[in-house]
Amino acid sequence: QVQLVESGGGLVQAGGSLRLSCAASGIIFADNTMDWYRQAPGKQRELVASINNDGETTYADSARGRFTISRDSARNTVYLQMNSLKPEDTAVYYCRSNRPFHTYWGQGTQVTVSS
């Protein structure tokens, strides 16, 4: 049974930082690209950052320079360090594991940035 469990969300003031974690079980972590997505109210879900099994990363323009994605294979965990948060970063953040024909999502964690 695959489980992706996000944690670390919360309420923070603009300019603050949060670190999200996503603990994976039931998958071979090293075989998967791990992604962070977010969905704000009334908007489509969008990719924030991605890290493949070689540690190569990609970022949305809105996240580049402020967010850092990383993975710890020993803990089967992917992280998203978010700095200089803005009110427009407010959203539910989802973790996704992805390999050909197998994609799984976590339940999401709420991030709210107050102005």
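The values are calculated or read from the model by the stated rules, or taken from the named source; none is laboratory data. Everything numeric here is computed off the predicted structure, so don't read it as measured data. A quick note on method: Cβ atoms are made from the backbone with ideal geometry, for glycine too, and the neighbour counts reach across all protein chains shown. For accessibility, only protein heavy atoms count, side chains too; no ligands or nucleic acids. Shrake-Rupley method; radii C 1.70, N 1.55, O 1.52, S 1.80 Å.
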If you scan the stretch 28-41, which residues turn out to be modelled with pLDDT of 95 or more and of a type in the set (Gly, Ala, Ser)?
40
Would you confirm whether any residue within the stretch 51-63 is surrounded by 15 or more Cβ atoms within 10 Å (Cβ to Cβ), of a type in the set (A, V, I, L, M, F, W, C) and part of a strand (DSSP E or B)?
yes
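Please find, within the stretch 2-44, the residue that is most open to solvent (accessible area, probe 1.4 Å) out of those that are assigned to a strand (DSSP E or B) and of a type in the set (Val, Ile, Thr).
Restricting attention to the stretch 2-44, the residues satisfying the condition of being assigned to a strand (DSSP E or B) are 3-7, 10-13, 18-25, 33-39.
Then drop every residue that is not of a type in the set (Val, Ile, Thr), which leaves 5, 12, 33.
Values: 5: 72, 12: 23, 33: 38 Å².
Taking the candidates together, the pick is 5.
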If you go through 97, 84, the only one that is out of contact with any helix residue (DSSP H, G or I) (no Cβ under 6 Å at 6 or more places or on another chain) and closer than 22 Å to residue 17 by Cα is 84
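Pick from the stretch 35-55 the residues that are in contact with a Lys or Arg (Cβ under 8 Å, 6 or more places away or on another chain) and of a type outside the set (Lys, Arg): which of them is nearest to residue 80 (Cα to Cα)? Reasoning before the result, please.
Of the residues in the stretch 35-55, the ones in contact with a Lys or Arg (Cβ under 8 Å, 6 or more places away or on another chain) are 35-39, 45-46, 48, 51, 55.
From what is left, the residues that are of a type outside the set (Lys, Arg) are 35-37, 39, 46, 48, 51, 55.
Values: 35: 9, 36: 8, 37: 10, 39: 15, 46: 15, 48: 9, 51: 10, 55: 14 Å.
Across the stretch 35-55, the extreme among qualifying residues is 36.
Can you confirm whether the stretch 105-115 contains a residue that is of a type in the set (A, V, I, L, M, F, W, C), more than 12 Å from the chain's Cα centre (by Cα) and more than 23 Å from residue 10 (Cα to Cα)? Reasoning before the result, please.
We begin by selecting, within the stretch 105-115, every residue of a type in the set (A, V, I, L, M, F, W, C); these are 105, 111, 113.
From what is left, the residues that are more than 12 Å from the chain's Cα centre (by Cα) are 113.
From what is left, the residues that are more than 23 Å from residue 10 (Cα to Cα) are none.
So far as the stretch 105-115 goes, no, none of its residues is of a type in the set (A, V, I, L, M, F, W, C), more than 12 Å from the chain's Cα centre (by Cα) and more than 23 Å from residue 10 (Cα to Cα).
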